[in-house]
Amino acid sequence: MTKVIAPIGIFRKDPDMLTIHWNDGTVSDLKARFLRSSCPCAVCVNEWTGEKMLDESRIPADIKPARVLAVGRYAMAIHWSDGHKTGIYSYDYLKKLEPGVPASGPGKGVSGV
């Protein structure tokens, strides 16, 4: 049986960084602006073509998660400081965005830099 990858902890490292500790022993650091620009919702990505609809130039430089909510056991929803709140980020999708580094390893796996 395949082990389901899921967070064991989600922390706001600073106003513009979320840190996810995964049950596979890795840690992912995700910049808020990178996460917002990677929103997979139907407002941000055309459901039929997969074309990105979000104009990244309209994302405020100081964007931050206002609220992070669990969606079942497979995803999290992020409500953003710019009012956007329709994005559901599956854990598989987040791991693809930032696979993470071993928790005891050197350095940080920072995406979107």
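Quick note: the coordinates plus some simple rules give every number you see, no bench work behind them. For clarity, every value in this text was computed on a predicted model and none was experimentally measured. Positions of Cβ are backbone-derived with ideal geometry, glycine not excepted, and every protein chain shown enters the neighbour counts.
A few remarks follow.
- From its DSSP helices (H runs of at least four residues, each -39,500 (n - 2.57)), the chain gives a residue-normalised ellipticity at 222 nm of -2500 deg cm²/dmol.
- Here the relative contact order of the chain, from alpha carbon pairs under 8 Å that lie six or more residues apart, stands at 27 percent.
- Exposed-site-free run, longest, the chain (rule: trypsin sites (Lys or Arg not before Pro); DSSP loop; at most 10 other C-beta within 10 Å): 4-72
- Along the chain, longest interval not containing exposed chymotrypsin sites (Phe, Trp or Tyr not before Pro), exposed being DSSP loop plus at most 14 other Cβ atoms within 10 Å: 1-47
- Taking every Cα-Cα distance in region 1-77 and sorting them into 5 Å bins from zero, the calculated P(r) comes out as 3, 13, 20, 22, 19, 14, 7, 1, 0 percent.
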